[in-house]
């Protein structure tokens, strides 16, 4: 089996009415929603921090981070925390539900929809057309507002 092909696999999840996906190579795990410790004075999309096997992990609200409305929350039993890794960083994002594992070749990925990609911090770097719509493919570094590796040194 060729494990290098995992670069083409994406974990999809729903936030609001839209499907998003993160590269499977950057998904460390998926957890049930749980107790978070609030961080006073933090960004409005930071829900708090969580202890995870000796690490303190910030957890963001996917809806707030992506500018989606708060109303229309779904079944609380489907809400999950997707733990995303980028370099040495680990950041959680709360999503409304986990979707399917997707496979996308670079040729299948279209540029982001006009309007959003003009922002430097827009986390959507491409879209994958599907039956009845599209899946927005996320750039984990931008989604989690992490510095470029050269900036972190």
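The values are calculated or read from the model by the stated rules, or taken from the named source; none is laboratory data. This is a predicted model, so every value here is computed, not measured. Cβ placement follows ideal geometry from the backbone for every residue including glycine, while neighbour counts extend to all protein chains displayed.
Does residue 84 satisfy being in a strand (DSSP E or B), modelled with pLDDT of 95 or more and touching a helix residue (DSSP H, G or I) at 6+ places or on another chain (Cβ under 8 Å)? Show your work before the answer.
Working: in a strand (DSSP E or B): yes; modelled with pLDDT of 95 or more: yes; touching a helix residue (DSSP H, G or I) at 6+ places or on another chain (Cβ under 8 Å): yes.
So residue 84 passes the test.
Tell me which residues, restricted to the stretch 44-81, are in a loop (DSSP other than H, G, I, E, B) and either farther than 19 Å from residue 21 by Cβ or touching a helix residue (DSSP H, G or I) at 6+ places or on another chain (Cβ under 7 Å) (or both).
44, 45, 53, 54, 69, 70, 71, 72, 73, 75, 76, 77
In this structure, does residue 69 turn out to be crowded, with 19+ Cβ neighbours inside 10 Å and touching a residue at least 24 places away in the same chain (Cβ under 8 Å)?
No: the conditions fail for residue 69.
Step by step: first the residues of the stretch 39-51, then only those that are over 18 Å from the mean Cα position of the chain (by Cα) and either in contact (Cβ under 8 Å) with a residue 60 or more places away in the chain or within 24 Å of residue 28 (Cβ to Cβ) (or both), then the one that is surrounded by the fewest Cβ atoms within 10 Å (Cβ to Cβ). Which residue is that? Walk me through how you get there before you give the answer.
Let us first name the residues in the stretch 39-51 that are over 18 Å from the mean Cα position of the chain (by Cα), namely 39-42, 51.
Filter again for either in contact (Cβ under 8 Å) with a residue 60 or more places away in the chain or within 24 Å of residue 28 (Cβ to Cβ) (or both), leaving 39, 42, 51.
On the way: 39: 13, 42: 13, 51: 11.
Across the stretch 39-51, the extreme among qualifying residues is 51.
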